Amino acid sequence: MSSARAFDPRKLDVAAFAAEHGALAGELPVSELSRLSKGALPQIEADATVRWAAQGVRGELAGGGIEARLQLQAATSLQLVCQRCLQPVTVALDVKPRLRFVADEALAEELDADSEDDVLALGAPLDLHALIEDELILALPLVPRHERCPQPLPWSPSAPAAGDQEPVDNPFAALAALRRNGGTPG
């Protein structure tokens with residue numbers, strides 16, 4: 001996928017990209033996305049890649065004016081640590097954000113409330129790789145874990161097994177015994 005003009009994903013002119021209905025695609029090593037790779041297991045993360053594609057579309061606003069739209073797709077799989085069993089768990093991430101870019105912040109704020117897409121103001125060139133990293137970070141699970149852990153959960157030898165529990169003295173049973181015996185211990 002490419003457009004007639006060469007666009008730099010690190011310094012993307014969103015308005016020009018949308019006006020030309022530009023298209024970009026590629027792969028990024030996860031190791032180049034330092035914030036995303038921070039939580040991944042290092043020995044596995046070294047070979048991981050992010051496949052991505054971006055499409056620009058120019059549109060018109062209902063009240064007049066031009067907007068630029070950016071449709072983005074990014075997918076990868078990361079090895080994280082399961083928070084239940086502490087073993088590696090593969091987490092697939094697949095994001096498809098749609099962004100609208102308008103002339104200024106005031107218009108962006110006004111349109112954002114009624115739009116399913118994120119609405120931003122056009123400004124400095126966009127770092128598409130940083131945007132991809134941001135979207136993937138937002139898609140990370142809060143607590144990574146297996147659906148069903150492959151190994152039994154660790155058991156501490158100091159904790160008694162379910163059937164081996166010693167009976168716990170019930171303070172209310174002691175009070176009931178005192179009451180039955182007329183207040184004298186029993």
Task: For region 12-18, Karplus couplings with θ = phi - 60° (6.51, -1.76, 1.60), whole Hz, Gly/Pro x - done: 7, 7, 4, 4, 5, 4, 6
Task: Anisotropy class of region 32-151 from Cα gyration tensor, a/c 1.5 cut - done: prolate
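Can you send over the carbon and sulfur percentage of the accessible area for region 78-127, probe radius 1.4 Å, protein chains only?
Carbon plus sulfur share of accessible area: 47 percent.
The values are calculated or read from the model by the stated rules, or taken from the named source; none is laboratory data. All of these numbers come straight from a predicted model, not from anything done at the bench. The protein model used for the area step is the full one, side chains on, heavy atoms only, and it has no ligands, DNA or RNA in it. Shrake-Rupley method; radii C 1.70, N 1.55, O 1.52, S 1.80 Å.
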